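First the structure, in the form of structure tokens, and then the observations on it.
The values are calculated or read from the model by the stated rules, or taken from the named source; none is laboratory data. It should be emphasised that the depicted structure is a prediction, and the values quoted were computed from it without experimental measurement. Here the Cβ positions follow ideal geometry from the backbone for every residue, glycine too, while neighbour counts run over all protein chains shown. The protein model used for the area step is the full one, side chains on, heavy atoms only, and it has no ligands, DNA or RNA in it. Shrake-Rupley method; radii C 1.70, N 1.55, O 1.52, S 1.80 Å.
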Amino acid sequence: MQPQDIAWNDEARAKILDDSDRVLREAVLDLSRTMTGHDADEVYSALYAQLKDRFIDFEPGPDIRTYADAIANGEIAGDDATSDDAGSTDAA
């Protein structure tokens, strides 16, 4: 067996990615409940702090900035999200 042949099988690889997505999603939704309207850099720092110890050799990429900006701007839909534009109740 060659060193390049040592790798996770497709099923395990998919589970690892799904678990990683879940951890990211939970962190973003958690912070969206408490940090909407905060400075994006402050949100970024909080998001980084929540994620850094959850992954081996974690290095944040540009997607973390995207989520921090979305949280700061109130653009994350969640359990308690409401939309004033959805489903108008005007009866004409």
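Residues in region 13-44 that are open to solvent by less than 70 Å² (accessible area, probe 1.4 Å), within 19 Å of residue 74 (Cβ to Cβ) and of a type in the set (S, T, N, Q): how many?
1
Which pairs have Cβ atoms under 8 Å, sit 6 or more apart or on different chains, and link a residue in region 71-85 that is of a type outside the set (S, T, N, Q) to one that is surrounded by fewer than 12 Cβ atoms within 10 Å (Cβ to Cβ) and modelled with pLDDT under 55?
These pairs meet every condition: 77/83.
Please verify whether region 48-67 includes one or more residues that are more than 14 Å from residue 20 (Cα to Cα), open to solvent by 80 Å² or more (accessible area, probe 1.4 Å), outside any loop (DSSP other than H, G, I, E, B) and modelled with pLDDT under 95.
The answer is yes, given that some residue of region 48-67 is more than 14 Å from residue 20 (Cα to Cα), open to solvent by 80 Å² or more (accessible area, probe 1.4 Å), outside any loop (DSSP other than H, G, I, E, B) and modelled with pLDDT under 95.
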